[in-house]
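The values are calculated or read from the model by the stated rules, or taken from the named source; none is laboratory data. All values reported here derive from a predicted model rather than from experimental measurement. Cβ coordinates were reconstructed from backbone atoms using ideal geometry, including for glycine residues, and neighbour counts include every protein chain displayed. Surface accessibility is based on the protein's heavy atoms, side chains included, excluding ligands, DNA and RNA. Shrake-Rupley method; radii C 1.70, N 1.55, O 1.52, S 1.80 Å.
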Amino acid sequence: QVQLVESGGGLVQAGGSLRLSCAASGRTFSGDYMGWFRQAPGKEREFVAAISGGSGGATYYEDSVKGRFTISRDNPKNTVYLQMNSLKPEDTAVYYCAANPRGRLWPSPTYYDYWGQGTQVTVSS
């Protein structure tokens, strides 16, 4: 059974930090683009960050999180991370881990074939 399981969400004060983890099982994701998306109530799911497969780990970020969030991966552990610093109330959302095995980065959720169930991040003012 292919699974992506997010963890690390919670309630944090504005300016604080959280580190999200996404543990994969059922297949190896080492060659895939791994992405983080988020969805706030009443909003559509939006791209946050992605990291390329294999070695090197080129990273990509939505403009509003550049300089604050860092995506990384540990391929032997089949795990991807999102370090979130300087959190703002507008970062509040359910955060989803996703995998794109197509070999090309795309910021749309449409191009990601595997999804976790999400983890709630709430940032208070």
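Here is the figure for the range 1-47: residues that are within 12 Å of residue 119 (Cα to Cα), in contact with a helix residue (DSSP H, G or I) (Cβ under 9 Å, 6 or more places away or on another chain) and not in a strand (DSSP E or B) total 1.
Screening residue 84 against (1) aliphatic (A, V, I, L, M); (2) crowded, with 18+ Cβ neighbours inside 10 Å; (3) over 12 Å from the mean Cα position of the chain (by Cα) leaves a single unmet condition, (3).
For the range 82-97, filtering for residues that are of a type in the set (A, V, I, L, M) and either without any contact (Cβ under 8 Å) to a residue 24 or more places away in the chain or not in a strand (DSSP E or B) (or both) leaves 1. Looking only at residues in the range 70-81 that are closer than 22 Å to residue 27 by Cα, free of Cβ contacts under 8 Å to residues at least 60 places away in the same chain and not basic (Lys, Arg), the one that is surrounded by the fewest Cβ atoms within 10 Å (Cβ to Cβ) is 76. What residue, among those in the range 27-44 that are closer than 19 Å to residue 8 by Cβ and not aliphatic (A, V, I, L, M), is modelled with the lowest pLDDT? In this case the residue turns out to be 29. Screening 31, 67 for residues that are open to solvent by 50 Å² or more (accessible area, probe 1.4 Å), more than 23 Å from residue 110 (Cα to Cα) and small (Gly, Ala, Ser) leaves exactly one candidate, 67.
Among what's in the range 35-59 and is touching a residue at least 40 places away in the same chain (Cβ under 8 Å) and among the aliphatic types (A, V, I, L, M), pick the residue that is most open to solvent (accessible area, probe 1.4 Å). Across the range 35-59, the extreme among qualifying residues is 40.
Do you know which of the residues in the range 9-22 that are over 11 Å from the mean Cα position of the chain (by Cα) and of a type in the set (Gly, Ala, Ser) is farthest from residue 125 (Cα to Cα)? The residue in question is 9. The set of residues from the range 93-108 being on the phi < 0 side of the Ramachandran plot and open to solvent by 40 Å² or more (accessible area, probe 1.4 Å) comprises 101, 102, 104, 105, 106, 107.
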